C-alpha cells in the first residue's frame with residue numbers, strides 16, 4: 001500500500017528530511033531546466049523575504065538607526081526595495097540556479113528548498129539591527145554523484161557570482177560611480193555577489209568552499225582569491241559605504 005502523503009498548510013511544517021521529498025515518478029525533474037511547483041514557491045518566498053530584509057538595512061529603516069536618532073523614512077525604504085530585489089535576484093537566485101543546472105547536467109535530481117527559520121531570522125535581525133544574516137536555504141540534489149561532479153556543482157554558484165561581480169565592478173568604477181540610483185544599484189549588485197561568493201567559498205562546514213577544496217585546491221584558491229580581491233577593491237577604492245549610507 002502506497003504511503004499517503006501529508007498535507008501541509010505552511011512550509012514551516014516541513015522538516016529538513018521532508019524538504020528532500022521527491023514525488024513518486026518525478027525522475028524527469030533531473031532534466032536540465034526543469035522546476036517543480038514546490039521549488040518555484042520556495043524560490044519566490046526566499047527572494048521576497050530577502051528583499052524585505054535588505055531593504056531594512058540599506059534604507060536605515062530599522063530599530064538600531066531609529067534609536068541612534070535616524071527618523072523613519074518610508075520613501076527611502078521603497079527607493080531601496082527594487083535595488084534590493086535586483087541585487088538578490090542577480091546574486092542569490094542565479095547562484096542557486098547555477099548549482100541546480102550543473103547538478104541536472106549530470107542527471108541528478110536537484111531542487112531548491114528554503115529554510116524558513118533562517119528567512120525569519122534574516123528579517124528579524126535586519127529590522128532590529130540593520131544587519132542581514134541571510135540563511136535562505138539551499139539547492140539539494142540526489143543521485144550517484146562522483147567527487148568531481150560534486151566539486152563542480154559546488155563551484156558553479158560562487159563562479160556565477162564572480163562573473164556577475166566582474167562585469168558590475170567595471171561598470172561601477174568606470175561608468176556609474178556616484179551616479180545616484182544607477183550607481184547604487186550597480187554597486188549593490190556587485191557587493192552582494194562578492195559577499196555571497198566570498199562567504200560560500202570559505203572552506204568550512206557545509207559551505208561550497210569545502211567541497212571545491214576537496215575536489216581541486218587550485219580551483220578553490222583562484223576563486224577565493226579573486227572574490228576577496230574584488231571585495232577589497234569595492235570597500236577600499238569605491239567609497240562603497242559612503243555611497244550607500246550617506
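The values are calculated or read from the model by the stated rules, or taken from the named source; none is laboratory data. What you see is a predicted model; the values in this text were computed from it and never measured. Using ideal geometry, Cβ is built from the backbone for each residue, glycine included, and neighbour counts are taken over all protein chains shown.
The residue that is nearest to residue 47 (Cα to Cα), among those in segment 134-145 that are within 11 Å of the chain's Cα centre (by Cα) and part of a loop (DSSP other than H, G, I, E, B), is 136. Residue-level check: of (1) assigned to a helix (DSSP H, G or I); (2) surrounded by fewer than 17 Cβ atoms within 10 Å (Cβ to Cβ); (3) touching a helix residue (DSSP H, G or I) at 6+ places or on another chain (Cβ under 8 Å), residue 131 misses just (1). Of the residues in segment 53-60, at least one is in a loop (DSSP other than H, G, I, E, B), touching a helix residue (DSSP H, G or I) at 6+ places or on another chain (Cβ under 8 Å), surrounded by 15 or more Cβ atoms within 10 Å (Cβ to Cβ) and modelled with pLDDT under 85. The set of residues in segment 99-128 that are in a helix (DSSP H, G or I) and touching a strand residue (DSSP E or B) at 6+ places or on another chain (Cβ under 9 Å) comprises 99, 100, 101, 102, 103, 104, 116, 118, 119.
Screening residue 102 against (1) surrounded by fewer than 17 Cβ atoms within 10 Å (Cβ to Cβ); (2) farther than 23 Å from residue 228 by Cα leaves a single unmet condition, (1). Checked against the criterion of being closer than 29 Å to residue 108 by Cβ, in a helix (DSSP H, G or I), outside the structural domain of residue 101 (by TED's automatic domain parsing) and modelled with pLDDT under 90, the candidates 192, 166 yield just one match: 192. The residues listed here are 86, 121; of these, the one that is crowded, with 16+ Cβ neighbours inside 10 Å, at pLDDT 80 or above and closer than 22 Å to residue 46 by Cβ is 86.
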